[in-house]
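Computed from the coordinates by the stated procedures, all read-outs in this text should not be read as laboratory data. Everything quoted here is computed from the prediction, not taken from an experiment. Glycine also receives a Cβ, built like all others from the backbone with ideal geometry; neighbour counts cover every protein chain displayed.
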Amino acid sequence: MSDLIDEPSEGENTPEFTVTEISGAVKRTIEGTFGHVRVKGEIGRVSRPRSGHIYLDLKDDRNVLSGVIWKGVAARLAVQPEEGMEVVATGKLTTFGGQSKYQMVIEDIAPAGMGALMAMLEKRKAALAAEGLFAPERKRELPYLPEVIGVITSPSGAVIRDILHRLRDRFPRKVLIWPVAVQGKQCAPEVTRAIEGFNAMTPGGALPRPDLLIVARGGGSIEDLWGFNEEIVARAAAASGIPLISAVGHETDTTLIDYASDRRAPTPTAAAELAVPVRSELLAWVEEQGARLTRAATGAVDMRKQRLRDLSRALPRPESLLDSPRQRLDRATERLPAALTRAAQVKRLRLSEVSGSLRPATLMRRLDEARSRLADRAGRLNSDLLTRDIRRKKDAFEQISARLSRVATGQVEGWRNRLQALERIRQTLGYKETLNRGYAVVRGDGDVVTTAKAAKKAAALEIEFADGRYTVGAGAAPRKAKPKETPPDQGNLF
């Protein structure tokens with residue numbers, strides 16, 4: 001720091017420094033001494049502002065060290081820092097003169113051993129389970145025979161070959177492969193995008209939307225499988241609208257996607273076995289069901305044949321059913337000639353009786369009687385009779401009209417008297433009658449004035465008497481009351 005030392009002033013032995021000089025000297029000292037360090041501790045407070053940087057505290061049982069992870073470094077971290085996680089941070093120490101503090105610029109961060117990873121995994125698992133992402137009622141049934149299967153895995157590993165080979169052996173189906181990184185820092189975002197991408201496909205489009213998804217990866221250490229323990233992967237699997245099978249690792253390996261998926265397979269090969277049935281077994285089952293259906297139909301037909309034979313034994317012979325009708329027909333045939341002869345005789349006798357009443361003398365007598373009745377009715381219809389009838393009906397009509405006129409006149413007169421009585425009652429109850437008894441109505445500015453206080457406030461007063469109105473205060477001439485309009489008399493309706 002000799003370059004910062006100023007010459008002491010006259011009479012003084014201690015040199016003077018500016019605040020910036022002191023801050024820069026401390027910064028150079030700390031960065032020069034701790035240019036690259038690895039610090040082990042527990043993550044305390046974690047802050048993620050909108051800028052994308054991450055601010056956190058590394059602590060032990062005695063002290064706290066502030067740390068910052070810049071935005072570009074934070075995006076490349078394989079493990080995101082969480083509160084309570086024990087980690088080993090790599091970076092350099094520096095100072096922040098604006099707040100007189102020192103801090104660590106972290107370039108990489110990793111869990112401090114297997115115990116830290118498992119503790120973080122259990123904490124994350126408990127949080128997601130509390131949200132209901134692993135609830136059994138959220139899980140969907142797998143389709144029995146999907147048309148298209150979407151596989152999310154590495155395109156170059158043995159996993160995809162095992163899945164395709166197993167599908168080809170059991171029941172060949174269309175397979176869409178979405179290549180992703182299955183370990184490392186790109187694993188979680190790529191798997192999430194693959195699940196969301198398959199769900200975003202349009203059913204029936206140019207590229208068919210899968211009916212089933214398989215997320216697969218071979219075995220490995222917990223660090224290798226950590227991408228499938230990320231929260232974004234578990235949430236994407238739980239939100240998938242397409243049924244999903246997780247086949248990550250071997251039987252003993254368990255990741256968060258296993259809990260969030262609809263079905264877990266211990267191995268990728270087992271996932272293919274869960275996805276489709278065995279074609280030969282399915283054909284054998286169909287043939288067996290067909291044979292059972294044939295046997296059932298044949299047995300039903302045989303049983304109905306036997307039942308029909310049993311019922312036929314209880315029925316009489318057709319010949320015996322016709323014996324009685326044949327006998328009745330023979331008897332009717334024998335009686336028919338005699339019946340026809342008797343019917344002809346009866347008709348002949350009736351004809352003779354009718355023809356006897358149609359002799360000429362009888363006809364002339366009936367004609368004379370008809371002429372007599374016609375002449376009698378013609379005499380009754382002469383003009384004198386019609387004239388008298390018309391006159392009689394006219395007199396009756398005039399009498400009825402006169403009676404109706406009298407009744408209508410009386411009813412109208414009653415209505416007139418009632419209206420006049422109601423008018424007298426209305427006038428009696430109106431304020432005009434009160435004015436005739438010596439009272440007056442005072443108005444100020446168009447409103448009725450009822451108090452002395454309101455009369456003082458009015459610019460002019462108008463007093464209405466029985467015979468007219470008088471204005472006070474405005475110099476206006478008194479106005480006479482309008483003459484009452486006499487309602488027109490109602491005339492006679494008839």
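Of note:
- Angle between the chain longest axis and helix 19-33 axis [Cα atoms, degrees, rounded to 10]: 80
- Highest mean first, the peptides 345-352, 448-455 sorted by other C-beta atoms within 10 Å per residue fall in the order 448-455, 345-352.
- Between R365 and Q411, the contour length at 0.36 nm per residue exceeds the Cα-Cα span by 10.0 nm.
- Structure-based [θ]222 nm, the chain - -39500 (n - 2.57) summed over DSSP H runs of at least 4, per residue, nearest 500: -16500 deg cm²/dmol
- Across segment 227-235, rounded Karplus estimates of 3J(HN,Hα) from the backbone phi angles (6.51 cos²θ - 1.76 cosθ + 1.60, θ = phi - 60°) give x, 7, 9, 5, 5, 5, 5, 5, 5 Hz, Gly and Pro being marked x.
- Computed over all pairs of different Cα atoms, the Kirkwood value for the hydrodynamic radius of segment 41-195 is 19.1 Å.
- FRET E, pair H53, A119, Förster distance 45 Å, beta-carbon r, rounded to 0.05: 0.95
- Using only the C-alpha atoms, the convex hull of segment 2-112 corresponds to 125 Å³ per residue.
- Taking a straight Cα-Cα cut-off under 17 Å and skipping sequence neighbours fewer than 8 places away in the same chain, the lysines within cross-link reach of K40 are K59, K92.
- Pair R140, L315: separation of 7 Å Cα→Cβ label points (nm): 5.8
- Convex hull volume of the chain per residue (C-alpha atoms, cubic angstrom): 720
- Note on V19 and V441: the extension gain reaches 142.6 nm, defined as 0.36 nm multiplied by sequence separation minus the Cα-Cα distance.
- Each peptide in 310-317, 293-300 was scored by the mean count of other Cβ atoms within 10 Å over its residues; highest first, the order is 293-300, 310-317.
- Rounded to the nearest whole Hz, the Karplus-based 3J(HN,Hα) values (6.51 cos²θ - 1.76 cosθ + 1.60, θ = phi - 60°) of segment 314-324 follow the sequence 7, 8, x, 6, x, 5, 5, 5, 8, 5, 5, with x at glycine and proline.
- Crossing angle, helix 383-429 versus the chain [Cα axis fit, 0-90 degrees, rounded to tens]: 50
- Rounded if a/c under 1.5, otherwise prolate or oblate - segment 244-385, Cα gyration tensor axes: oblate
- Members of K125/K174; K432/K456; K71/K123 lying beyond 31 Å, as alpha-carbon distances in this model show: K125/K174
- Compared with the dominant Cα axis of the chain, that is its longest principal axis, helix 114-130 is turned about 10°.
- Note on segment 381-429: Kirkwood radius taken over Cα pairs, Stokes-Einstein applied at 37 °C and 0.692 mPa s, translational D equal to 232 µm² s⁻¹.
- Of interest is the spacing of the C-alpha centroids, which for segment 299-356 and segment 387-451 amounts to 92 Å.
- Per-residue extension of 0.36 nm, minus the Cα-Cα distance of T341 and V301, leaves a gain of 8.4 nm for this segment.
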